[in-house]
1. Looking at the range 31-48, which of its residues are open to solvent by 20 Å² or more (accessible area, probe 1.4 Å) and more than 12 Å from the ligand (Cβ to nearest atom)?
2. How many of the residues making up the range 189-245 are assigned to a loop (DSSP other than H, G, I, E, B) and either open to solvent by less than 40 Å² (accessible area, probe 1.4 Å) or farther than 17 Å from Glu23 by Cα (or both)?
3. In the set Ala202, Ala232, Ala192, which member is under 23 Å from Val42 (Cα atoms), within 14 Å of the ligand (Cβ to nearest atom) and in contact with a strand residue (DSSP E or B) (Cβ under 9 Å, 6 or more places away or on another chain)?
4. Name the one entry in Ser59, Ser106, Ser102 that is among the small types (Gly, Ala, Ser), touching a Phe, Trp or Tyr at 6+ places or on another chain (Cβ under 9 Å), more than 11 Å from the ligand (Cβ to nearest atom) and within 23 Å of Met152 (Cβ to Cβ).
5. So the check is Cβ under 9 Å with 6+ separation or different chains; which pairs have a first residue in the range 61-77 that's crowded, with 24+ Cβ neighbours inside 10 Å and a second one that's at pLDDT below 95 and of a type outside the set (D, E, K, R)?
6. Which numbered condition trips up Ala232, out of (1) under 17 Å from Asn93 (Cα atoms); (2) over 15 Å from the mean Cα position of the chain (by Cα); (3) modelled with pLDDT of 95 or more?
7. Mind listing whichever residues of the range 1-24 are touching a residue at least 60 places away in the same chain (Cβ under 8 Å) and within 9 Å of the ligand (Cβ to nearest atom)?
Amino acid sequence: MNKAEIFKGRTAVITGAGSGIGEGLARVAAAIGMNVVLADVVEDRIARLAVGIEAAGGSALPVATDVGDVAALERLADAAYGRYGEVGLLVNNAGIETIGFSWEISGDTWDRLLSINVRGVVHGCRIFARHMLESGKPGYIANVASIGALGMMPTQAPYMMSKHAVLSFTECLYLEMQLKKAPIHVSAVLPAQVATRIFEDAPTDRQSGFIERQREMMHAMISQSGLTPMEAGEAILDGIASGAFWVSTHPETTAQMARARSDYLANLANPALADQAEALLLAE
Ligand SMILES: NC(=O)c1ccc[n+]([C@@H]2O[C@H](COP(=O)([O-])OP(=O)(O)OC[C@H]3O[C@@H](n4cnc5c(N)ncnc54)[C@H](O)[C@@H]3O)[C@@H](O)[C@H]2O)c1
């Protein structure tokens, strides 16, 4: 069955829906006839997106939500179930980046990133899984990690660590649903390059030419060779609908990274800089 056959008429809750991959996913979901609940900390973006979706004949509910706030996630679930009575798909997509050496990132920035990228995913799953299980209907939960969950990258430690954590949590959640024989499909989404604002918005706590050059390089890389958010949204929703655990925007890159990771672990090799990381660091 394709994504429209599975999801038409059902409700998707998407966090970080105001920009990038979340926005692409929301547009694709609405286009196949899903009701979309748009959660983001930036209210005007989701308000505008909801107006656009409704103008095109869809149904959208914007809910201002900071995923780092558990009470806000509870309110999001209340709003979604209050308006649509069910949720068939939860995508925990909201996430941020940081740039800088681990010791130069402030405690507040470390905590903020982990709160959004890790706690937001865990509590989103915890709150919505209970509703989904109670309903007894088939449901889908997709957690957006990153291709970074299979690798390592200096000067992006909080982000890389958070994405490894999201993948690990999602693997355990998948097994828990299997153990309970629950009708909930769990997917780990590992996007590679998608042209979004993630590096423009990445907080940095130490201004330096190196940090700004790195921001520009990372931003240029995803802008110039990344998929559009709509292309990513299509690929991701197709993958989720297929029931796959591993969902990718760039399957060849994902397979390559997985092989490299598996060789690294099998050999108990030391962490090694990728060429790209070395070039960045030499530029300091
Ligand atoms: N763009 C890529 O190449 C890429 C690659 C791998 C993984 N990802 C992952 O995809 C996800 C989406 O990123 P994107 O690239 O679309 O970035 P983006 O910056 O374009 O969009 C992220 C959205 O999340 C929102 N957000 C930030 N903090 C939030 C909070 N506390 N609560 C709710 N919403 C919040 C932002 O306002 C923004 O609208 C992230 O988890 C990111 O790590 C992106």
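The values are calculated or read from the model by the stated rules, or taken from the named source; none is laboratory data. The structure displayed is predicted, hence computed values, not measured ones. Here the Cβ positions follow ideal geometry from the backbone for every residue, glycine too, while neighbour counts run over all protein chains shown. Note: accessible area is taken over every heavy atom of the protein model, side chains too, but ligands, DNA and RNA are not part of it. Shrake-Rupley method; radii C 1.70, N 1.55, O 1.52, S 1.80 Å.
1. From the range 31-48, those open to solvent by 20 Å² or more (accessible area, probe 1.4 Å) are 31-33, 35, 41-45, 47-48; that's our starting set.
Listed by number, the residues that qualify are Ala31, Ile32, Gly33, Asn35, Ala47.
2. Qualifying residue count, the range 189-245: 17.
3. Details: Ala202 fails: in contact with a strand residue (DSSP E or B) (Cβ under 9 Å, 6 or more places away or on another chain); Ala192 fails: under 23 Å from Val42 (Cα atoms).
Matching residue, one of Ala202, Ala232, Ala192: Ala232.
4. Numbers: Ser59 fails: within 23 Å of Met152 (Cβ to Cβ); Ser106 fails: touching a Phe, Trp or Tyr at 6+ places or on another chain (Cβ under 9 Å).
Answer to the check: Ser102.
5. none
6. (2)
7. Those that are touching a residue at least 60 places away in the same chain (Cβ under 8 Å) and within 9 Å of the ligand (Cβ to nearest atom): Thr15, Gly16, Ala17, Ser19, Gly20, Ile21, Gly22, Glu23, Gly24.
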